[in-house]
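None of the figures in this text is laboratory data; all of them are computed from the coordinates on show. Nothing here was measured: the structure is a model prediction, and the numbers come from that model. Glycine also receives a Cβ, built like all others from the backbone with ideal geometry; neighbour counts cover every protein chain displayed.
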């Protein structure tokens, strides 16, 4: 029975109301859509950024079954015959690989560094790959001069063509996505050199493999080895098990065999573990972004609540009539819930579409951060999967239903007699002391939760669950307590009420705030608190990073390869080039630094080799725990000593005096931690040893970075320009420019966070407008009375503006207090537990004052406009 | 009831018509009310009583005709000027009291004085007098929700009279009260009008209330069918 009635109500009332007020329906759908869109866009951008960390070899081979690589550095080619012998006659293809980062050469002479475009160069054995071609290549020809390639005269076929291309000297293949018509040659930075390489053709597509990304380039293995100084070395070896009925069994056998033969010389991974490592590496970062994106949805949810609540107020008479005609509570409840679900479905659809569009922009911002902090990612577009679209729709419906439940309940419980009898004066709102108690209880609960440790994430990383729960408890608790501040504020301003009639009306409402008033204050308090809290975090971070770079960036010039731009990109400077750099007549001192990816306890961190004595003498360390004695600075005494970054110490729970075991080509090294230094440029963690030790272990004297201290009379810009002319492949930063670059990357990292916060505050201000609209509609009779008493439109609007000002001021006062607490929580609990960084606490008072003033001013303006609208509402007529 | 001897016109309504869509609610209505005079507007529901009252108060605008209150042409005033006219010369009493629920009884009464920028000490004196006259001294700080129907209507009358308007517009002031309370309120209203010389237009269904006024006009389908 109730379902049929609900259907009738939905058709005759809900849909008709939506048709009669298409703009407000569209606004509601839009607001929810915005909330869903923020969540969807961040989700898509996150996935796209991580999925770009794909194994590039997949493009050529479909997908390898296993990969082996050295824990740090490279593998010798001598492992290949050893592996072939160990595998015997097993049907397994072995694919040796070298992977290198190259940058597009630029003819820039300015010292302002624009980020160069980087490419992944993959060196593969084209001969062995050609053997796979018949079964794996979808487009026939394999690494030949295909159509569209420069100099091509049609698709070459056959062994003769292949050998001709293969023996033609250094050349590379580019992807179809790189350019529709590839250029004849490309100038690329490799190490410190700019090389002009011939473009031989287009990378063929392997059957079942993803299309080659624009940034992938393929060379023959020996040619790339020679180009990047890795002759006789391999970055990894991949294995493909021949498909067939026993393939699964063979794979399991191969995995075990590789582990057994390796004896710790290499790590064995599968495509799944490879992808997981990218996911675990960035999990904390992505989780933080996802949580921030949910704030907009949370505030949007509140808006839906406000709007539906307002609709219940407007349609109360209709509901009362329906109730008096015998419609059951349940049918009215269901009809309102159906309305919520419909709004949710439409909002979800709009949100998915908007989210997909926004993701195309967000993916660049997320990608830049991932690139700077974690690994090279090249993604520029985010796709939408059916599951994600369904999630967006589901989220919209769930959020709308959650927000609509209370108004639906209120609608169902409308007492017909009370509503239809117009004599009943609406009672002013009353604060319940239980709410104050609950608010204080939540604040105390949050305080307790701050002390709980983080939750370990599967694989790697930690998630500050208790920290986020504490933030939530403070936000809700603070919101409830704020409801109690409104009457106090009205009381404090009572003198104004005695002087000005609109103030008397406004203050009388604030003295006894309704549930709507309290809810508006709570939402705005939440948005202001989070935005200002984030501003405190960013200021603290920036202040700390500024202090850190002031302390550690002491050299005059910093040099690295143009190709070494991302968190994991490796590009070495040759010894000869370094010798020429330090031999410049203006150079007084130099220090070299080698950064290598290191597999430590199953995750990738950084192994650094530094000229420790020089760095120490120049005061380039910011200490969290300084070394207790001088041993670590002396190469004769520091063979078994290491310094670690704070992020490493936090993540792996290692203190000064603890030991770490580092796998190297010279065997596993057990090192004692001598000190812990601050490093805000790497959240994966760093183990730093003296370069002399690293040289011994890896038999390689090249470095990834060089710092130069110039003689007093030398001009850094001039020296930089001279060196840059000599080494166009090197990125050379002056001290001033590097500081600016560090801060630029820093601000870019927080750019997306700010955008999310601003959306939250905007949505909350719109919420304030909706609240006042509902409140004024609810007080329509009062407006009629006030007009009859002689209030003009300006006075009516002023009363609303003052009421809005009261709500906004209370929310800002509470929100700014909350922001101090949240700022502390973000800095000392959430950041520390997520990233392991110690930050000093800095409050941007000017910024907070600006946020507060702009929210109050916007609140007053919006309320005045709503009040003006209310003043023009038609008078009630009774006949 | 006898008309006051020296009645100065406070309200004149001349040929006022008003339609809502095709429906003509008022059709060339004319009347005049002098100071100290009370006029009852009667008629069945839908006859146009409240529409006429709304037009007089400037809450609604007539399609044709003129209305003057203290010689000010109501239909010629803009929204803000109408608000000033209401706050200065008109007091309104509603059937459902329409007290502001968040203001106390005293604050409700004080509000029109505040709108006229009456000084705080004078407001205090006049509110106290009004409360005293209405026998509401003990209920000064009570919110409307805490008052009985009769008390609420007495507060509403005090609020309508406290700024000494020239004209009171009362829409069924006893319609929501029991007969005893209704009679008391009417008595009080007429007493005050006699004391102050205010003109009263009373919309009512009640024969007793209509009979208590100096004159009576009966409206049917927007036209005057009986009366002057």
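In chain B, the longest principal axis of the Cα atoms and the axis of helix B:179-196 are about 90 degrees apart.
Helical runs assigned H by DSSP (4 residues or longer) give chain B a calculated mean residue ellipticity at 222 nm of -11000 deg cm²/dmol, each run adding -39500 (n - 2.57) before division by the residue total. Based on C-alpha pairs under 8 angstrom that are at least 6 apart in sequence, the stretch B:1-151 has a relative contact order of 18 percent. Computed from Cα positions, the angle between helix B:79-89 and the longest principal axis of chain B comes to roughly 60 degrees.
Averaged over the residues of peptide B:80-92, the number of Cβ atoms from other protein chains lying within 10 Å of each residue's Cβ is 4. P(r) tail, the stretch A:633-697: Cα-Cα pairs separated by more than 16 Å, 43% of all pairs. The ranking of A:474, A:548, A:266 from fewest to most other beta carbons within 10 Å of each one's beta carbon is A:548, A:266, A:474. Fewest neighbouring Cβ atoms within 10 Å first, the residues A:733, A:468, A:119 line up as A:468, A:733, A:119.
Once the Cα atoms are used to define both axes, helix B:105-115 deviates from the longest principal axis of chain B by about 60 degrees. Dimensions of the stretch A:624-768 along the principal axes, based on C-alpha atoms and rounded to the nearest Å, stand at 68, 46, 29, largest first.
Using a Förster radius of 41 Å, what is the FRET efficiency between residue A:104 and residue A:639 based on their Cβ-Cβ separation? Nearest 0.05, please.
Rounded to the nearest 0.05, the efficiency is 0.50.
Averaging the sequence gap over all C-alpha pairs within less than 8 Å and six or more residues apart, then dividing by the number of residues, gives the stretch A:535-652 a relative contact order of 20 percent.
Once the Cα-Cα distance is subtracted from the 0.36 nm per residue extended length, the residue A:21 to residue A:434 segment shows a gain of 144.8 nm. In this label model, residue B:117 and residue B:81 are separated by 1.9 nm, measuring between points 7 Å along each Cα→Cβ vector. Calculated FRET efficiency, residue A:80 to residue A:576, Cβ-Cβ distance, R0 = 30 Å: about 0.55 to the nearest 0.05. When DSSP beta bridges are restricted to pairs lying wholly in the stretch A:638-690, around 55% turn out antiparallel. Placing one equal scatterer on every Cα of the stretch B:1-118 and applying the Debye formula, the log10 ratio I(q)/I(0) at q = 0.11, 0.16 Å⁻¹ is -0.44, -0.90.
Rg over Rh for the stretch A:709-862 works out to 1.26, both radii taken from alpha-carbon positions and Rh defined as the Kirkwood radius. Neighbour counting of Cβ atoms within 10 Å sorts the residues A:482, B:213, fewest neighbours leading, into B:213, A:482. Here is the tail figure for the stretch B:131-201: Cα pairs spaced more than 17 Å apart come to 40 percent of all pairs. For the peptide A:498-507, the mean number of other protein chain Cβ atoms found within 10 angstrom of a residue's Cβ is 4.
Mean per-residue shielding of peptide A:788-800 is 6, counting Cβ atoms of other chains within 10 Å of each Cβ.
Could you calculate the contour length gain from residue A:721 to residue A:617, that is, 0.36 nm times the residue separation minus the distance between their Cα atoms, to one decimal place in nm?
The span from residue A:721 to residue A:617 would gain 34.7 nm if fully extended.
For the stretch A:517-618, pairs of C-alpha atoms spaced more than 17 angstrom apart make up 72 percent of the total.
Taken over the alpha carbons of chain B as equal point scatterers, the Debye sum produces base-10 log I(q)/I(0) values at 0.09, 0.10, 0.16 Å⁻¹ of -0.35, -0.43, -1.12.
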